[in-house]
RNA sequence: GGCGGCGUAGCCAAGUGGCCAAGGCGGAGGUCUGCAAAACCUCUAUUCAGCGGUUCGAAUCCGCUCGCCGCCUCCA
């Protein structure tokens, strides 16, 4: 597998520190910063404790992620529950002469860590030239950044060797990832906007303290843009996941996103997501038809070759820096091949085994992308009263009573189901599936 | 100003030196069909923002121009 590493600006073979026997054994840590300036501001505005605010947002975040099928981390630590680790890390940095305390603040001294700037491709002189924020005179260098901030009135604070205060902007990520993944670990991810300063500072703090490489591969994703239109509450075009999930199938949303490579920007568009939903229909109908197709003889001459080639194409695409658009291309081609098998199975051409194998493979591939995981994609079997209407319509069609047949189809529509006549019999699916 | 990215068909989007430039959506024609829908088949970029250059050969490498975007220390 090859991964684009921001650190080296090129695709590299991925070689994990401790290889799993086959595939990869992943421990995914997703950490939460549950105290920062914004949270404190919000808490003061609402007149509630800061942690109450962050708890609420973390809870809502979890619910939103679940709604769109994003899996939680194996560990989801919170900054405020790891203050001692941060203090210890800062003490190490001070001991190694990389940090200094001033009036209850502690700063990281950038000049003492020569690799600073490597991840983001900045050179220190340019950083200084570009400084546009008022310089804190107590810092030895304007580019030094805070590891620990002395408490101001009305702020939550924790005890430390430098007095009551709270962690600086970047230290919590170093402390938590080292706690749960060790001083060196394989992959660190994040949005591309975090490259500088956040990830740069994480590296400085972590490697400065341990002398060992921190994350070995840095993966950064592009943004979801809102196009020309600015997000604004007054324009009522703010995007929340809760809003979006009301209007779109989570799988359609996922398919839309996977259609663009993760490192490229993607523009939010209702229309694009609706297109993705139409494309998704290819898969859901296939699963439906494959499950209900009848006939065929056992031991077919399976097109194992073609099927295998498509699966290999998918794997190769994913192994090449997670090229999901290309992987999806293989899945669509696979679905086309499988629809042909549906027809052959119906014609009794004995393609059932190959079809079953192919659909199973397609489901597995989709599963690797987080698709098709929310139960029957076609809405499952219809309830008895719908079955009854479908049967009644079938009878009307048999006696060529088209008027009655169409009335019944309308009635079924009104009750939220769609009936289509296929060579294999009526296909009944939940409307919109 | 510094660093980096992007510009591929009507729309979206892969492809980064050499078979016919993936795939999806949309569109056109056909097969099937009571109708509708679906599926399948065929077609829909002699061309990759523009101009030069390197090369036997470039969407892919280099230079310039135009257009768009991200980052450039208390926002994690």
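Just so you know, all these numbers are worked out from the coordinates, no wet-lab data involved. In this text the structure is predicted, and so the values were computed from the model without any measurement. Every residue, glycine among them, receives a Cβ derived from its backbone with ideal geometry; neighbour counts consider all protein chains shown.
The long axis of helix A:171-181 is offset from the longest Cα principal axis of chain A by roughly 60 degrees.
Relative contact order for the range A:1-95: 29 percent, from Cα pairs under 8 Å spaced at least 6 residues apart, divided by residue count. Computed from the Cβ-Cβ distance with R0 of 25 Å, the FRET efficiency linking residue A:68 to residue A:414 stands at 0.25.
Once C-alpha pairs closer than 8 Å and six or more residues apart are averaged by separation and normalised to the residue number of chain A, the relative contact order reads 12 percent. In the range A:55-117, the C-alpha radius of gyration followed by the widest Cα-Cα span (Dmax) gives 17.6, 47 angstrom. Which shape class, rounded, prolate or oblate, goes with the range A:8-126 when its Cα gyration tensor gives a ≥ b ≥ c as root eigenvalues, a/c under 1.5 marks rounded, and past that a/b bigger than b/c marks prolate? Oblate shape, in that a/c is at least 1.5 and b/c is the bigger or equal ratio. Axis angle, to the nearest 10 degrees, between helix A:324-346 and the longest C-alpha principal axis of chain A: 20 degrees. Note on the range A:384-430: Cα convex hull, mean projected area over all directions, 2.9 nm². Shown for A:311, A:75: other C-beta atoms within 10 Å of each C-beta, ranked fewest to most, produce the order A:75, A:311. With both residues required to sit in chain A, DSSP beta bridges show an antiparallel share near 65%.
With bins 10 Å wide beginning at 0, the percent of Cα pairs of the range A:248-368 falling in each bin runs 14, 41, 31, 13, 2. Of A:71, A:363, A:388, the residue with the greatest mean-square motion in the GNM of chain A, using alpha carbon springs below 10 Å, is A:388. Can you work out the PRE-style zone for residue A:95? Point 7 Å along Cα to Cβ, and I want the residues of the range A:194-221 with backbone N under 18 Å. Label zone hits: A:205-213.
Here the range A:1-42 and the range A:50-102 have alpha carbon centers that stand 15 Å from each other. Springs between Cα atoms under 10 Å define the GNM used for chain A, and in it the highest mean-square fluctuation of A:309, A:390, A:26 occurs at A:26. Counting neighbouring Cβ atoms within 10 Å and putting the fewest first, the residues A:322, A:314, A:223 line up as A:223, A:322, A:314.
Report the residue, chosen from A:209, A:345, A:304, that carries the largest GNM mean-square fluctuation when chain A is represented by alpha-carbon nodes joined by springs under 10 Å. Checking each option, the largest mean-square fluctuation is seen for A:304. Remark: the residue A:184-residue A:75 segment gains 37.5 nm on full extension, using 0.36 nm per residue and subtracting the alpha carbon distance. Full extension of the chain between residue A:14 and residue A:364 gives 123.7 nm of extra length, using 0.36 nm per residue less the Cα-Cα distance. Label-to-label distance, residue A:278 versus residue A:212, with points set 7 angstrom from Cα along the beta-carbon direction: 5.4 nm. Computed over the alpha-carbon atoms, chain A gives an Rg to Rh ratio of 1.08, Rh here being the Kirkwood radius from the mean inverse distance. When the helices of chain A are scored as -39500 (n - 2.57) per DSSP H run of n ≥ 4 and the total is divided over every residue, the value at 222 nm lands at -14500 deg cm²/dmol.
Helix A:402-414 versus the longest principal axis of chain A: what is the Cα-based angle in degrees, 0 to 90, to the nearest 10? Helix A:402-414 and the main axis of chain A meet at about 20 degrees. Here the relative contact order of the range A:384-430, from alpha carbon pairs under 8 Å that lie six or more residues apart, stands at 28 percent.
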